């Protein structure tokens with residue numbers, strides 16, 4: 001089956017410190033990172049199949065909300081939002097353990113599978129979006145802040161609040177932060193060319209995909 005793919009990319013490196021311009025360039029070249037581990041790959045294994053990997057980004061100046069996204073924002077008007085440097089406290093670790101029960105495959109062991117032990121600064125500046133109902137943490141999402149871009153790291157929410165679409169909600173809050181801080185791109189992570197669990201990332205306007213030859217191309221979202 002590998003013959004169906006013209007070339008394979010599977011690269012990694014480790015870095016304890018990355019400057020905002022360096023982060024922008026890594027993201028533009030299809031790199032992601034969890035903690036100090038940077039990686040990129042154009043083929044992934046999903047549901048017993050090899051799948052083409054699509055790095056995604058949103059051109060923020062062209063982004064517009066869909067009707068469903070507007071409904072999500074309206075539905076969650078009663079919640080409290082805090083954006084600040086990442087700090088892993090017990091409530092986030094409890095939420096992580098609750099959230100990971102949603103998964104049947106590739107279940108993470110720890111929140112530190114995705115974050116360094118100094119996540120606000122290592123390997124780069126990073127923030128968290130926390131969503132509260134009164135004093136109860138319902139969702140948290142972590143993202144890197146580069147010079148011209150922000151990039152999603154990991155998001156989690158209480159599955160009992162599934163009807164609120166909190167994963168999408170925190171993405172929209174991150175986009176709002178990026179727009180207010182004059183960023184050019186928002187990188188929501190990887191998806192697959194074929195249908196998969198990650199298709200929610202494809203349902204945003206002004207979306208681009210990386211062709212693994214150094215080019216970003218327009219991608220028509222599915223609403």
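Out of all the residues in the range 198-220, which are at negative phi and touching a residue at least 24 places away in the same chain (Cβ under 8 Å)?
Listed by number, the residues that qualify are 200, 201, 202, 203, 204, 205, 207, 208, 209, 210, 216, 219.
Read through the list (1) out of contact with any strand residue (DSSP E or B) (no Cβ under 7 Å at 6 or more places or on another chain); (2) assigned to a loop (DSSP other than H, G, I, E, B); (3) over 20 Å from residue 31 (Cα atoms), then give the number of the only condition that residue 194 fails.
The one condition residue 194 does not meet is (1).
Here's a check for you: in the range 124-134, which residue that is assigned to a loop (DSSP other than H, G, I, E, B) and in contact with a helix residue (DSSP H, G or I) (Cβ under 9 Å, 6 or more places away or on another chain) is surrounded by the fewest Cβ atoms within 10 Å (Cβ to Cβ)? So that I can check it myself, show each step before the final result.
Just the residues of the range 124-134 that are assigned to a loop (DSSP other than H, G, I, E, B), to begin with: 124-125, 134.
From the residues that got through so far, the ones that are in contact with a helix residue (DSSP H, G or I) (Cβ under 9 Å, 6 or more places away or on another chain) too are 124-125.
Details: 124: 21, 125: 18.
That would be 125.
Residues are listed down the side, and each one gets a yes or a no for (1) within 18 Å of residue 189 (Cα to Cα); (2) in a strand (DSSP E or B):
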site: 84; (1), (2): no, yes
site: 99; (1), (2): no, no
site: 108; (1), (2): yes, no
site: 118; (1), (2): no, no
site: 122; (1), (2): no, no
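Assuming residue 61 fulfils every condition listed in (1) free of Cβ contacts under 8 Å to residues at least 24 places away in the same chain; (2) at negative phi apart from one, which condition is it?
Result: residue 61 fails condition (1) only.
Yes or no: residue 154 more than 15 Å from the chain's Cα centre (by Cα) and either touching a residue at least 60 places away in the same chain (Cβ under 8 Å) or in a strand (DSSP E or B) (or both)? Don't jump to the end; show me each part of the working.
On the way: more than 15 Å from the chain's Cα centre (by Cα): no; either touching a residue at least 60 places away in the same chain (Cβ under 8 Å) or in a strand (DSSP E or B) (or both): yes.
Judged against the criteria, residue 154 is not a match.
Every residue, every condition in (1) surrounded by 12 or more Cβ atoms within 10 Å (Cβ to Cβ); (2) under 17 Å from the mean Cα position of the chain (by Cα); (3) more than 22 Å from residue 214 (Cα to Cα); (4) modelled with pLDDT under 95, yes or no:
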{"position": "24", "(1), (2), (3), (4)": "yes, yes, no, no"}
{"position": "40", "(1), (2), (3), (4)": "yes, yes, no, no"}
{"position": "51", "(1), (2), (3), (4)": "yes, no, no, yes"}
{"position": "85", "(1), (2), (3), (4)": "yes, yes, yes, no"}
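What is the residue count in the range 198-219 for residues that are out of contact with any helix residue (DSSP H, G or I) (no Cβ under 9 Å at 6 or more places or on another chain) and farther than 20 Å from residue 66 by Cα?
Result for the range 198-219: 5.
Can you tell me which residue among 72, 94 is at pLDDT 95 or above, touching a helix residue (DSSP H, G or I) at 6+ places or on another chain (Cβ under 6 Å) and in a helix (DSSP H, G or I)? Spell out the reasoning first.
Details: 94 fails: touching a helix residue (DSSP H, G or I) at 6+ places or on another chain (Cβ under 6 Å).
Just a single option satisfies the conditions, and that option is 72.
Which ones in the range 197-212 are under 20 Å from residue 40 (Cβ atoms) and either in a loop (DSSP other than H, G, I, E, B) or modelled with pLDDT of 95 or more (or both)?
207, 208, 209, 210, 211, 212
With the structure loaded, tell me whether residue 76 is surrounded by 12 or more Cβ atoms within 10 Å (Cβ to Cβ) and under 27 Å from residue 166 (Cα atoms) or whether it fails that test.
Working: surrounded by 12 or more Cβ atoms within 10 Å (Cβ to Cβ): yes; under 27 Å from residue 166 (Cα atoms): yes.
Yes: the conditions hold for residue 76.
Out of contact with any strand residue (DSSP E or B) (no Cβ under 7 Å at 6 or more places or on another chain), surrounded by fewer than 15 Cβ atoms within 10 Å (Cβ to Cβ) and at pLDDT 95 or above: which single residue out of 109, 62 fits that description?
Numbers: 109 fails: at pLDDT 95 or above.
Being out of contact with any strand residue (DSSP E or B) (no Cβ under 7 Å at 6 or more places or on another chain), surrounded by fewer than 15 Cβ atoms within 10 Å (Cβ to Cβ) and at pLDDT 95 or above holds for just one of 109, 62, which is 62.
Test residue 141 against the stated conditions and say whether it is closer than 21 Å to residue 53 by Cα and either at pLDDT below 95 or buried (at least 21 other Cβ atoms within 10 Å of the Cβ) (or both). Spell out how you get there, then give the answer.
On the way: closer than 21 Å to residue 53 by Cα: no; either at pLDDT below 95 or buried (at least 21 other Cβ atoms within 10 Å of the Cβ) (or both): yes.
In short, no.
The values are calculated or read from the model by the stated rules, or taken from the named source; none is laboratory data. Predicted, not measured: the structure shown is a model, and the values here were computed from it. A quick note on method: Cβ atoms are made from the backbone with ideal geometry, for glycine too, and the neighbour counts reach across all protein chains shown.
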